[in-house]
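Working notes for the structure below.
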Amino acid sequence: MGTTNVKSTQLNYDKYTANKYDRDIVNSIPFHREIHSLIASRVKKYDHNKAYDVLDLGVGTAITSRIIKDILPKAEFDLVDFSKRMLTGAQKKMGKNKIKYIFGDYAKIKFNKKYDIVVSVIGVHHQNEIGKRKLFQKIYGMLKPGGIFIFGDLVTYRDKHRAALNNAKHFKHLVDKATDEKTLAEWAYHHIFLNDLSPIEDQIIWLKRVGFKVEKKFLQFNTALLICKK
């Protein structure tokens with residue numbers, strides 16, 4: 001099925017406290033709050049009294065899943081990450097009730113369950129093109145009929161001038177929001193050397209090819225949010 005192109009140790013996640021990660025991820029990803037506001041609005045359309053099955057791929061410290069859980073308190077969650085430190089942070093937010101924590105690379109894990117909602121926010125950009133296409137097919141197969149894939153991530157563009165402009169805006173955001181030079185260097189290195197961004201236009205095509213109906217909810221700089229329905 002393929003694997004994620006980086007190790008958690010390369011991303012320094014195991015060195016983060018949950019609080020520092022939460023602060024830095026919001027500062028480092030342009031429009032992080034905005035896409036989560038849109039995610040919340042979408043999830044509020046669900047029946048709050050139903051026990052939905054939710055899978056979060058690359059859960060981090062569960063920023064996204066905590067928002068979903070607050071809206072859908074009876075939902076059951078499978079939370080996946082390849083960093084034990086991140087899963088520890090997720091457990092602090094989510095607790096243990098109706099929560100399963102899965103340590104490993106979601107690209108390699110075989111899931112035997114069907115889900116109402118699969119979510120991945122700021123995580124798929126560590127897959128190359130082949131990895132993304134395989135992952136989209138895998139996610140489609142894991143969803144129940146009518147289920148949705150909430151896909152928020154960093155992207156680029158086919159047009160090189162547009163890609164360069166939005167990359168520059170992304171870095172300006174990093175410079176403006178960094179709390180110190182060490183943090184700036186770490187996230188800039190992450191973006192330049194560890195991310196594998198694919199054009200948003202291509203990713204929408206790949207998602208549609210596996211069967212998704214794709215709604216583009218947000219696209220600014222390198223940050224995108226797609227709602228993909230089976």
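Miscellaneous remarks
- Compactness of segment 75-140, taken as the C-alpha radius of gyration over 2.2 N^0.38 Å, stands at 1.15.
- Residue-by-residue Karplus 3J(HN,Hα) for segment 224-229, coefficients 6.51, -1.76, 1.60, Hz, glycine and proline x: 10, 10, 10, 10, 10, 9
- Listed pairs Lys93/Lys144; Lys44/Lys213; Lys69/Lys100; Lys132/Lys177 exceeding 22 Å between Cα atoms: Lys93/Lys144; Lys132/Lys177
- Residues with amide H under 5 Å from that of Gly147, placed H, sequence gap 5 or more: Lys230
- Contour minus Cα-Cα distance for Tyr46 and Arg162 (0.36 nm per residue): 38.1 nm
- Size descriptor, Kirkwood hydrodynamic radius, that averages inverse alpha-carbon separations across segment 1-143, Å: 15.5
- Difference of contour (0.36 nm per residue) and Cα-Cα distance, Ile109 to Asn19: 29.6 nm
- Label-point separation, Glu181 to Leu194 (7 Å along Cα→Cβ), nm: 2.1
- Cα gyration tensor shape for segment 148-188, rounded if a/c is under 1.5, else prolate or oblate: oblate
- Highest-MSF residue in the chain out of Gly152, Gly89, Gly60 [GNM, Cα springs under 10 Å]: Gly89
- Note on the chain: GNM, Cα springs under 10 Å; of Thr64, Thr156, Thr179, the largest mean-square fluctuation is that of Thr179.
- Exposure proxy order (Cβ contacts within 10 Å, fewest to most) of Ile200, Ile109, Ile139: Ile109, Ile200, Ile139
- Backbone amide hydrogens, once placed in the peptide plane, bring Ile122 within less than 5 Å of Gly152, Asp153, Leu154, excluding anything fewer than 5 places away on its chain.
- Modelled this way, with points 7 Å down the Cα-to-C-beta line, the labels at Asn97 and Lys208 are 4.4 nm from one another.
- Cα gyration tensor shape for segment 154-230, rounded if a/c is under 1.5, else prolate or oblate: prolate
Only the coordinates and a few stated rules stand behind these numbers; no lab work does. Model, not experiment: these values are computed from the prediction. Note: ideal-geometry Cβ built from the backbone for every residue, glycine included; neighbour counts use all protein chains shown.
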